[in-house]
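Undergrad: I have a structure here, written as structure tokens, and I will follow up with some questions on it.
The values are calculated or read from the model by the stated rules, or taken from the named source; none is laboratory data. If you're wondering where the values come from, they're calculated on a predicted model, not measured in any experiment. Cβ coordinates were reconstructed from backbone atoms using ideal geometry, including for glycine residues, and neighbour counts include every protein chain displayed. Quick note on the areas: whole protein, heavy atoms, side chains included, nothing else; ligands and nucleic acids left out. Shrake-Rupley method; radii C 1.70, N 1.55, O 1.52, S 1.80 Å.
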Amino acid sequence: MPLLQPGEPPAFTAENLAGRSPCLLLCEHASNRIPRALGDLGLPPGEIERHIGRDIGALVMARALSRHLDAALFSTGYSRLVIDCNRPLSRPGSIPEISEETVVPGNLGLSAADRAARQNELFHPFHDAVTAHLDATPARRCVIGVHSFTPSYRGVSRPWEAGFLYASAGRFAAPMMEGLRAQGFTVGDNEPYVIDADDYTVPVHGEARGLPSLLIEIRQDLIAHDAAALDWARRLAPLIARAIASVTEDA
Ligand SMILES: [Zn+2]
């Protein structure tokens, strides 16, 4: 039985595909929507509204960045709790049975068919479309994933307003980190996370293609309201533009 029913939103949205920016934007944790067939995943009321369902503020900021930079953007249509589009399918966090401290009952004891439905209807369409776009558009020469992180994690508060997560793209990240620091912000350099075996976007769409790639993470309390997310996009756009120039202009 198909997972998505007639009338439900698509697995992903692609915007501004003809955008002239060399940079492709992704928002892999854009939505907290759950396919109707999965109900509320058995979560307590309100739990899906919390950050565990999506990256609060990330989609508003990503769309604004797409406009400011004239950059193509792919965003997911369903919650990371259904299937996380920034996790390899082989990792436990792909379809998380527990997210932070919250058990996700609807993800327990899934059959191979249940998993395959989420992979085939949500994960693969998103990443196949991104892959096809990058294959067909050699003008795309760098990749940025737009995310947000919680102000505290397991009771420990996080000092950074923004973080940049990268593997080999230090040169790409540097102008963005320096630009925010010059404005007085505390910036995480591969904080609050690092790119590791639980990542998908940077290793697959960036590193494997030889494209500079990173994730921008903004603290959720700073972009929870649309106006604030738009402010952050305005702040980041010129820094991203400078960083793009630094990796796409021949020295
Ligand atoms: Zn995220």
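Undergrad: Scan region 191-247 for residues that are of a type in the set (Asp, Glu), surrounded by fewer than 19 Cβ atoms within 10 Å (Cβ to Cβ) and either part of a helix (DSSP H, G or I) or touching a residue at least 60 places away in the same chain (Cβ under 8 Å) (or both) and jot them down.
TA: Within region 191-247, 198, 221, 226, 231 meet the criteria.
Undergrad: Take the residues of region 131-160 that are surrounded by 15 or more Cβ atoms within 10 Å (Cβ to Cβ) and away from the ligand (no atom under 16 Å from the Cβ): which is nearest to residue 215 (Cα to Cα)?
TA: Per the criteria, the residue is 142.
Undergrad: Go through (1) over 25 Å from residue 162 (Cβ atoms); (2) not in a helix (DSSP H, G or I) one by one and return the number of the condition residue 118 breaks.
TA: (2) is the only condition that residue 118 fails.
Undergrad: Filter the strands (runs of 3 or more DSSP E) completely within region 1-94 down to those with at least 2 residues that are touching a helix residue (DSSP H, G or I) at 6+ places or on another chain (Cβ under 9 Å) and either more than 16 Å from the ligand (Cβ to nearest atom) or among the small types (Gly, Ala, Ser) (or both).
TA: Filter on region 1-94 gives 12-15, 23-27.
Undergrad: Of the residues in region 161-190, how many are under 22 Å from residue 225 (Cα atoms) and open to solvent by 70 Å² or more (accessible area, probe 1.4 Å)?
TA: Going through region 161-190 one residue at a time, the tally reaches 1.
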